[in-house]
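Please treat every number below as a calculation from the coordinates, not as lab data. Keep in mind it's a predicted model, so treat the numbers as computed, not measured. Using ideal geometry, Cβ is built from the backbone for each residue, glycine included, and neighbour counts are taken over all protein chains shown.
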Amino acid sequence: MHISRRRLLAGSAALLGVSVFGWRSLGLQHADAASETFEISHSDAEWKALLAPEQYAVLRQEGTERPFSSPLDHEKREGVFACAGCNLDLFSSKTKFDSRTGWPSFWKPLPKAVGETVDSTFGMVRTEVHCHRCGGHLGHVFDDGPAPTHLRYCMNGVAMTFKPALG
């Protein structure tokens, strides 16, 4: 079967759109945080009112921000990265590293900060990472990070805020 350049580009654009706007918006599901109960819970309308459109697309619809688009990828100050949905502290700047992927990356979350579920979208099995308190989608974790954990928590910057250390 021959695939034309136009058909290939259209299919790529469709996949990109799904990654930006999320699988849930299309009614597609996988084992995810949506089936769990969280300490902080809002209706869909309330989340839309609380979050910026980009935050809503990532945190509530499992979208992905464009690589190299987040200022948090370049954040080098000492402090804590928190959930943009509920302000739970997620990662210490002490565990941040430059993965050269275009997304903020960490080798370890703070205790009781994140949950993980199986994500089998895009024809592969990955580990999805979500906020332990509100269930907001943060990104994925991979086993190609640095020592000591050898993990790479590849997070969407738009799903987080940064709180500089005091003093």
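Extension gain for residue 161 to residue 127 (0.36 nm times residue separation, less C-alpha to C-alpha distance): 10.0 nm.
With the cut-off at 1.5 for a/c, could you classify the range 44-123 from its C-alpha gyration tensor as rounded, prolate or oblate? The partial results should precede the final answer.
On the way: a/c = 1.44, a/b = 1.31, b/c = 1.10.
Rounded is the answer for the range 44-123, as its axis ratio a/c remains below 1.5.
Straight-line reach from residue 76: which lysines fall under 29 Å, measuring Cα to Cα and dropping same-chain residues less than 8 apart? Straight-line reach from residue 76, under 29 Å: 94, 96, 108, 112, 163.
Assuming R0 = 41 Å, can you tell me the calculated FRET efficiency for the pair residue 77 and residue 44, based on Cβ-Cβ distance, to the nearest 0.05? Can you show the working numbers first?
Details: r = 34 Å, r/R0 = 0.84.
Taking R0 as 41 Å, the efficiency between residue 77 and residue 44 is 0.75.
Mind listing which trypsin sites (Lys or Arg not before Pro) in the range 48-135 are in a DSSP loop and have 14 or fewer other Cβ atoms within 10 Å? Sparse-neighbourhood loop trypsin sites (Lys or Arg not before Pro): 76, 77, 100, 112. Rounded, prolate or oblate: pick one for the range 93-166, where a ≥ b ≥ c are the square roots of the eigenvalues of its C-alpha gyration tensor, a/c under 1.5 means rounded, and failing that, prolate if a/b is larger than b/c, else oblate. Taking the square roots of the gyration eigenvalues as a ≥ b ≥ c, the range 93-166 is oblate.
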